[in-house]
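Presented below is the structure to which this report refers.
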Amino acid sequence: MTAARSADSGFAGPGELDRYPYGEVPGPERSASAWEGGDSGLGRAVRRPTSNRGRGLHGQLVQQLGQMIVSGDLGADRPLVPEEIGQRFEVSRTVVRESLRVLEAKGLVSARPNVGTRVRPVSDWNLLDPDIIEWRAFGPQREDQRRELGELRWTIEPLAARLAAGHGREDAQQRLADMVEIMGHALGQGDLMTFSRADAEFHGLLIQLAGNRMLEHLSGIVSAALQVSGGPATGCDRPNETSLAHHARIIDTLAEGDGAAAEHAMRQLLTAHPEMERVVPGPREQH
């Protein structure tokens, strides 16, 4: 991807995507066009990659095509011609081929003999994939993403807290306490990034402590939800002393080995924020 091509197409060149924070361009108002007919243009990549995803030509192409598909710029059953993609992004056939394989593994596209590569409908997407969680959280589906993540966390995390209380691992509990201490320091410094990272580690570790491998598999999804800045309902995306106190209370219940209290403390944390109101069950269901 050359600088000249980046200027013409609106896409960032290699190493330039970090200049575009997600929050700068709201989903519905962003300028984006899809391929239209033979002389088609490409939408703008205005979001930065998270973690190590999106690095290098291959990662950038996955990021950009993935965003376009999830946002609806490239609708279901849309044909994706590798040669055209390579020309538009000025990347090799190898980069295109590997990028499409990644998107296929995520359920976003399918490749068949004599049919070619096409965009798949939402029902086929791997909605638990961290990349897709990220892309949906900043696209037209962001409200659905917030609700669905909230419902998923309401189901997973109280159960994980109850199970974790029965394991009594002091080393892990100390690690949780370390995270709360870091969160408290970050709160005092107004350091939202550090708070969010410690928060994500806290919740991921708690799920791993449950001792259930299927729940443990979901810890990465919860972490992805928490790490999407300004995104879905995390239960902790507005750091304050109340949130910190709820985290500390969870650690206390784990040390006491009180599963019911740990579950209740987690529900208190998750319901301490307005984003969760729509997914919180009525009082009778909480007892």
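The values are calculated or read from the model by the stated rules, or taken from the named source; none is laboratory data. What you see is a predicted model; the values in this text were computed from it and never measured. With ideal geometry, Cβ positions are generated from the backbone for all residues, glycine too; neighbour counts draw on all protein chains shown. Note: accessible area is taken over every heavy atom of the protein model, side chains too, but ligands, DNA and RNA are not part of it. Shrake-Rupley method; radii C 1.70, N 1.55, O 1.52, S 1.80 Å.
A few notes on this one:
- Solvent-accessible surface of the range 102-226, averaged per residue with a 1.4 angstrom probe and all protein chains in place: 47 square angstrom.
- Gyration tensor over the Cα atoms of the range 86-217: the corresponding equivalent ellipsoid has semi-axes (square roots of 5 times the eigenvalues, largest first) of 37, 19, 15 Å.
- Calculated FRET value between Glu143 and Glu170, using beta carbons and R₀ = 51 Å, to 0.05: 0.80
- Radius 14 Å from Cβ of Ala265, net charge of other residues (Lys, Arg +1; Asp, Glu -1): -2
- Figure legend: label point modelled 7 angstrom from the Cα of Val115 along Cα→Cβ; residues of the range 55-89 with amide N under 16 Å from it are 76-81.
- The simple spin-label model puts a point 7 Å past each Cα toward its Cβ; for Gln189 and Asn126 those points are separated by 3.5 nm.
- The HN-Hα couplings worked out from phi for the range 64-79 by the Karplus form 6.51 cos²θ - 1.76 cosθ + 1.60 (θ = phi - 60°) are 5, 5, x, 4, 5, 5, 5, 6, x, 4, 10, x, 4, 6, 6, x Hz, whole numbers, x standing for Gly and Pro.
- Amide N of the range 106-140 lying under 16 Å from the label point, which is placed 7 angstrom from the Cα of Ala76 along Cα→Cβ: 107-110, 118-127
- Pairwise Cα distances in the range 62-156 exceed 16 Å for 55 percent of all pairs.
- Amide proton proximity set for Gly107, modelled H, under 5 Å, gap of 5+: Asn126
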